[in-house]
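Each remark here refers to the structure printed beneath this line.
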Amino acid sequence: MVKDMESKSNMPLYYKVQNYILDLIKNNKLKEGDLIPTEMELSNMFNMSRPTVRQGLNTLVSEGYLKRLKGKGTFVTKPKILQESTRFIESYNREMHKKGLIPETKVLEISIKICPDFLVDKLGVAEGDKFIKLKRLRYAYIENKEDKKPILLTTVYIPYKKFPNLIMYDFEERSLYEVFEENNIYIKKALREIEARLSNKESSKLLKINEGSPIHFISSFGYLDDGSIIEYSESIYPGERNKFIVEITR
């Protein structure tokens, strides 16, 4: 492997280290939690300086493939999933498929309830109106299904009058936005607010993270063309598994 990479003379030296480690990870020769060779060992292996080796490893650390633990070494970790819900109005399944990931959903609750006070204004409904609650745990993985961990816990609230038959759909197999579109319901605008929080006991258990771990909390409103609200959602993303991109143009 090293000899093959050395033959690519036009490749920056630190790319050789990056590609070597990446190949080991992608071929499951290095797995999450494994300790990689030391900088000295890689320096001797590739006959290059330690600063050059470090440059290659730094890139893998910044991309989320590796993490350094002081006094212990450098370990393999899973890269964070880049979430683009802050840029586009798109279904979760479509977004994950575009990234080459396999999406999976577990429905924790789907029910019809009377709207509590805190949701009346958020959904733009009257006191006593009904709403549909859809709570889901969402996954995304490449191949190894056994290694999957939840990357998102989301709860969506939909005014019952807007779509009374919504509860009839199987949302472990179907995407909410795709079901909306099939029924000629199109979200024209979304307003999303991102907060940094710490996970509570319930969310930590469901997301398989330690209680008090950093999370991204996103509240979102979806609006129809007439300006009315079709959905309000609250989503929790573990900080260790997700990152976001925000695009600003002028």
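Work out the charge dipole of the chain with +1 on the Cβ of Lys and Arg and -1 on the Cβ of Asp and Glu about the Cα centre, then indicate which of Ile114, Tyr177, Ile167 is farthest towards its positive end.
Checking the options against the dipole of the chain, the answer is Tyr177.
Please determine, in degrees from 0 to 90 and to the nearest 10, the orientation of helix 13-26 with respect to the longest principal axis defined by the Cα atoms of the chain, where the helix direction is its Cα long axis.
Compared with the principal axis, the helix lies near 60 degrees.
At a Förster distance of 22 Å, what's the computed FRET efficiency of Thr155 paired with Ala196, Cβ-Cβ distance as r, to 0.05?
So, using R0 = 22 Å, E works out to roughly 0.70.
Can you tell me the 0 to 90 degree angle between the C-alpha axis of helix 50-62 and the longest principal axis of the chain, rounded to 10?
10 degrees
Please report, to two decimal places, log10 I(q)/I(0) for segment 81-244 at q = 0.10, 0.12, 0.18 Å⁻¹ as given by the Debye formula with identical point scatterers on the Cα atoms and no solvent.
Those come out to -0.36, -0.53, -1.23, one per q.
Can you show me the helix-derived [θ] at 222 nm for the chain, built from DSSP H runs with n ≥ 4 at -39,500 (n - 2.57) apiece and divided by the number of residues, rounded to the nearest 500.
The per-residue figure over the chain is -7500 deg cm²/dmol.
So how strong a dipole does the chain carry about its Cα centre when Lys and Arg Cβ are +1 and Asp and Glu Cβ are -1, to the nearest 20 debye?
Around 880 debye, computed over the chain.
List every residue whose amide H lies under 5 Å from the amide H of Lys148, counting only residues 5 or more places away in sequence or on a different chain, with H placed 1.01 Å from N in the peptide plane.
HN-HN under 5 Å from Lys148: empty list.
Would you please put 211-224, 100-113 in order of how densely packed they are, using the mean number of other Cβ atoms within 10 angstrom per residue and starting with the highest?
Peptide ranking by packing, descending: 211-224, 100-113.
Could you check the spin-label model distance between Ser62 and Glu181? Points 7 Å from the Cα along Cα→Cβ, value in nm.
Once both label points are built, they end up 3.5 nm from each other.
Which entries in the list Lys31/Lys70; Lys72/Lys106; Lys29/Lys70; Lys67/Lys133; Lys113/Lys189; Lys78/Lys205 go over 28 Å, if you measure between the two C-alpha atoms of each?
Result: Lys72/Lys106; Lys67/Lys133 exceed 28 Å.
Using modelled amide H (1.01 Å from N, peptide plane; none on Pro or chain starts), what sits under 5 Å from the amide H of Ile102, excluding residues fewer than 5 places away?
Residues meeting the criterion, in which the H sits 1.01 Å from N, are Tyr141, Ile142.
Throughout, read-outs are computed from the coordinates displayed, never taken from laboratory work. Remember, it's a predicted structure, so these values are computed and weren't measured experimentally. With ideal geometry, Cβ positions are generated from the backbone for all residues, glycine too; neighbour counts draw on all protein chains shown.
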